[in-house]
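Report on the following structure.
The values are calculated or read from the model by the stated rules, or taken from the named source; none is laboratory data. Every value quoted in this text rests on a predicted model; they were computed, and no experiment measured them. All Cβ positions, even for glycine, are placed from backbone atoms using ideal geometry, and neighbour counts span all protein chains on display.
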Amino acid sequence: MERKRGFEVAKGFEDKGINMPIRKTKYSAGYDIEAAEDIIIPTFKKGMNPTLVKTGLKAYMQDDEYLKLCNRSSNPKKKGLILSNSIGVVDADYYGNPDNDGHIMFAFYNIKEEDVEIKKGDCIGQAIFEKFLVADNDTAEGERVGGFGSTN
């Protein structure tokens, strides 16, 4: 069978009991993504960086696709968690990059007044594979040379 798109365990997480993402219903767009380890997301303070929550996963896809990382609809109300970048974009060439093997992470801020504990196996977000288009005059020829945030 030809591989078109899917998930794999990222390097360094092979023996960590990482569950592959699943869709809960046949009409669900998103694959539910779990946290790879326990982590505390502190209450937001002005000037702080978001907390990166590891998934232990990487994703492969076609060259004209990307993986959109979305927050769970219940996260802001129940846990006070919002994605620092509103949505995450995982490009096809992020897979297997030399810095982190394409490890997918969710960048959260906690807007509650108390720290939030995420446990390994908690569902933290959703991932949706999508096609994208390029403009007629597109001339992009660059090559990815790094991992998270490397394309500036």
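Quick look at the numbers
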| quantity | calculated |
| --- | --- |
| Residues within segment 81-124 that are on the phi > 0 side of the Ramachandran plot and not hydroxyl-bearing (Ser, Thr, Tyr), tallied | 4 |
| Those residues of segment 58-71 which are surrounded by fewer than 20 Cβ atoms within 10 Å (Cβ to Cβ) and either closer than 18 Å to TYR109 by Cα or of a type in the set (D, E, K, R) (or both), in sequence order | ASP63, ASP64, GLU65, LYS68, CYS70, ASN71 |
| Pairs, first in contact (Cβ under 8 Å) with a residue 60 or more places away in the chain in segment 87-99, second in a loop (DSSP other than H, G, I, E, B) and not polar (S, T, N, Q), C-beta under 8 Å, six or more apart | ASP91/ARG144 |
| Segment 108-129, residues that are in contact with a Phe, Trp or Tyr (Cβ under 9 Å, 6 or more places away or on another chain) and within 24 Å of TYR60 (Cβ to Cβ) | ILE124, GLY125, GLN126, ALA127, ILE128, PHE129 |
| Elements of type strands (runs of 3 or more DSSP E) contained in segment 39-152, each with 2 or more residues being at pLDDT 95 or above and not aliphatic (A, V, I, L, M) | 51-54, 57-60, 65-71, 88-91, 105-110, 123-131 |
| Qualifying residue in segment 5-24 (condition: of a type outside the set (D, E, K, R) and in contact with a His (Cβ under 7 Å, 6 or more places away or on another chain)) | yes |
| Selection status of LYS45, of a type outside the set (Phe, Trp, Tyr), loosely packed, with under 11 Cβ neighbours inside 10 Å and within 27 Å of GLU113 (Cβ to Cβ) | yes |
| Positions within segment 1-38 being within 17 Å of GLY121 (Cα to Cα), part of a loop (DSSP other than H, G, I, E, B), without any contact (Cβ under 8 Å) to a residue 60 or more places away in the chain and of a type in the set (A, V, I, L, M), in sequence order | ILE18, MET20 |
